[in-house]
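Let me begin by presenting the structure, written as structure tokens, before commenting on it.
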Amino acid sequence: MATKQKDTEFKSALSGISIGNLQAAMEKGEAPQTDKDKELIESCDRLYSFAKRHKEIPMERAKDNYLLYAGKQHDYRQPTFKTVPVTNIIYSTVEYMVPLMTENRPIIRALPTDPEDVPISKGATKALEYVWEDNDMDYQLPFIMRNVAISGDDFLKVYWDFESESVVYDPVDMEYFYPEPYVSSMGSMKYCIHAEPRPIYEIAGMFPNGKYVKPESFHSPMADAMSDETSEPKEAVEAEGEAVMKTGEVLHLNRALVKEIWIDDKTLVEKSKDITDEQGQPVFEFDEKKEEYILDKDGNPKVRKFYWKERKYKYGRIIIWANSIKLLDVAYPYKHGKPPFIHFYNTRVRRSFWSNGEPFHLKAIQTQLNKRKAQIDFIADLSGNSIWIADIESGVRKNQLTNRPGMIVWKRAAGDVRREPPPPIPEYFFRTIDDLKSEGEVMSGLMGVLMGEKPVSVTAGTAISELIERASIRVREKVKYMENSLVRLGKITMSLIRQYWDEPKQFMVFGQTGTLGEPETIEFSGRSLRSDPNIKIVSGSTMPVSKTNKFEQAIVMFREQLIDREAFFEYTEFPGAEEVLARLGQRDQQQQQAEQEAQKMEEKKSLMNYLARVQSAKIGADSKLQGSQSSDMSKLRGIQLQNEGKLQVGAQQGMMDFNSLLTGPPDQGTGSIR
């Protein structure tokens, strides 16, 4: 918690300023600055002046680009009889390009670099989605890319707000950002400056030395270009600089240019620690003879020390000043050690930091096109109001001849009064206009098929989709530049999450489209990650695709069982998908219940048939058994009777044999029994 309290000393002067004690703004004495502070501020002012001089040409180009985008290519010092038409192909190019680049939300993924972070990588991805939604980037990104298309560059400041304890994305106009000269990227930059005018009372309420800051002038080239759109009433300007105190006094305050520099300060400081032995006891210094201890100023033995040097500002340095008054000088608190700015850029060449906006390449074509149209309008005006030729003796006064339609002129003398027929409009004028429009499409990279024009010779949907795919190559290249900036945004955001989300944080994510399912509740802690994950943008997630082709692809994948029903509706972004899925779920549940009941009835019927077959088989078996038993009994009875007859006959025969033994055989000799 000590680190967190220390970090609260750092606050961005140009982001999230709150109005403090306005009474302090009345005091305008001499700031209590040391000579060292004054020397530091003078060095910072020299860096600011150096960067400002190198930015003059890009700023003038950005100003001209905005004027062309706004349709102000004429200075309007034209004769009253000449028209100044403006066919603004630059405006249409920008407004077609920006929706193509930002129609879909980029799908950002946090891929783990440590094997132990794999189970929690989903939480890291959801944390990025939460920060994106919390800063309303779906709304901010089109504004950023519109500025990129017009001016060539735009910036986003990323910092940790210690009051709300959240990651904040703050847009910064190109006009207020000053990079180090002669660098071509943010990664190679050693310092950069954010300078923006702020009301004096805000400065006084935020910094201890803010009450010593005096108003100063600031020239804004972009404000001059936008004077018609941003001009404020005098009362509003005065109200902005007034603050009514409790004492009833009214302070008429102005603004001062607050400058904030991030610098990769490599100042080294010497560090030391006591040397101890294996038992942890201090080791003392001896004299040259190794006989006595060297004593310090208090008369105690002097402990041997180990000395080394390290950077005073480990991650960088932040210095804030205004009108030669130092407001803040602290160590940069963010561990990523990178400038807190994300650079969004258009097409640029190597060794160049600043990019060229779309008007830079289309200026000559649009100027020539409008010049030709102005000539046609002038010839058309002459055709309806041709030249008068009047003789001096005609008797017609000069003020009688005007260009009023249907005018009748009466004359007295016999002189001639007539109109000369205008010359015909050359045919090449119209061909030139068509050629210039075609050149504008080629130069901008936005062909007619991207603007909804149907090709004459192509009718198949697949062929038209292929034409759109090829025609959007230039736009896809710009999308790659945007995604590269978003990857850097994700890396800095994840580093801040790892540093400041100490405890598990619960948040809700509404998903990619916000049409499927309930908001998802996530719990995630930045300290749970062992290392910063890799940030990737899912390929093709930003550019829009044909919804018809997308729907057909989803049907094929669903038919082949490559995706389920929820994935089908999420992929096609079907309106009202949540209600449809709910109804389909109820229908599936009803069908499942009906199938279960039918299955139960079928099982019951099968069981009853089985029981009937078993009963029939039992009855048949019983009858067969009874018949078998009756037959067996008859057989047994017959055998028994037969055996009884045999026994009776045998018994009678035995008695006859016995009797014959007693009496002897008839007609034989006598004998006796012994």
Name, by its number, the condition in (1) surrounded by 16 or more Cβ atoms within 10 Å (Cβ to Cβ); (2) within 30 Å of Ile41 (Cα to Cα); (3) without any contact (Cβ under 8 Å) to a residue 60 or more places away in the chain that does not hold for Leu327.
(3)
I need every pair where a residue in the stretch 117-130 that is part of a helix (DSSP H, G or I) has its Cβ under 8 Å from the Cβ of a residue that is open to solvent by less than 10 Å² (accessible area, probe 1.4 Å) and of a type outside the set (A, V, I, L, M, F, W, C), sequence separation at least 6 or different chains.
Ala124/Asp117; Ala127/Gly526; Leu128/Gly490; Leu128/Thr493
Looking only at residues that are closer than 30 Å to Pro179 by Cα and among the charged types (D, E, K, R) in the stretch 250-276, which one is modelled with the lowest pLDDT?
Arg255
Filter the stretch 509-534 down to the residues that are open to solvent by less than 70 Å² (accessible area, probe 1.4 Å), modelled with pLDDT of 60 or more and touching a Leu at 6+ places or on another chain (Cβ under 9 Å) and list them by number.
Gly526, Pro533
Of all residues in the stretch 155-180, which are within 27 Å of His219 (Cβ to Cβ) and touching a helix residue (DSSP H, G or I) at 6+ places or on another chain (Cβ under 6 Å)?
Met174, Glu175, Tyr178
Could you please find all residues in the stretch 339-369 being hydroxyl-bearing (Ser, Thr, Tyr), outside any helix (DSSP H, G or I) and modelled with pLDDT under 90?
Thr347, Ser352
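Kindly provide the set of residues from the stretch 269-307 that are closer than 30 Å to Pro339 by Cβ and either touching a residue at least 40 places away in the same chain (Cβ under 8 Å) or surrounded by 10 or more Cβ atoms within 10 Å (Cβ to Cβ) (or both), ordered by number.
Val269, Lys271, listed by residue number.
The values are calculated or read from the model by the stated rules, or taken from the named source; none is laboratory data. Just so you know, these numbers come straight off a predicted model, no measurement behind them. All Cβ positions, glycine included, derive from the backbone under ideal geometry; neighbour counts span all protein chains shown. Quick note on the areas: whole protein, heavy atoms, side chains included, nothing else; ligands and nucleic acids left out. Shrake-Rupley method; radii C 1.70, N 1.55, O 1.52, S 1.80 Å.
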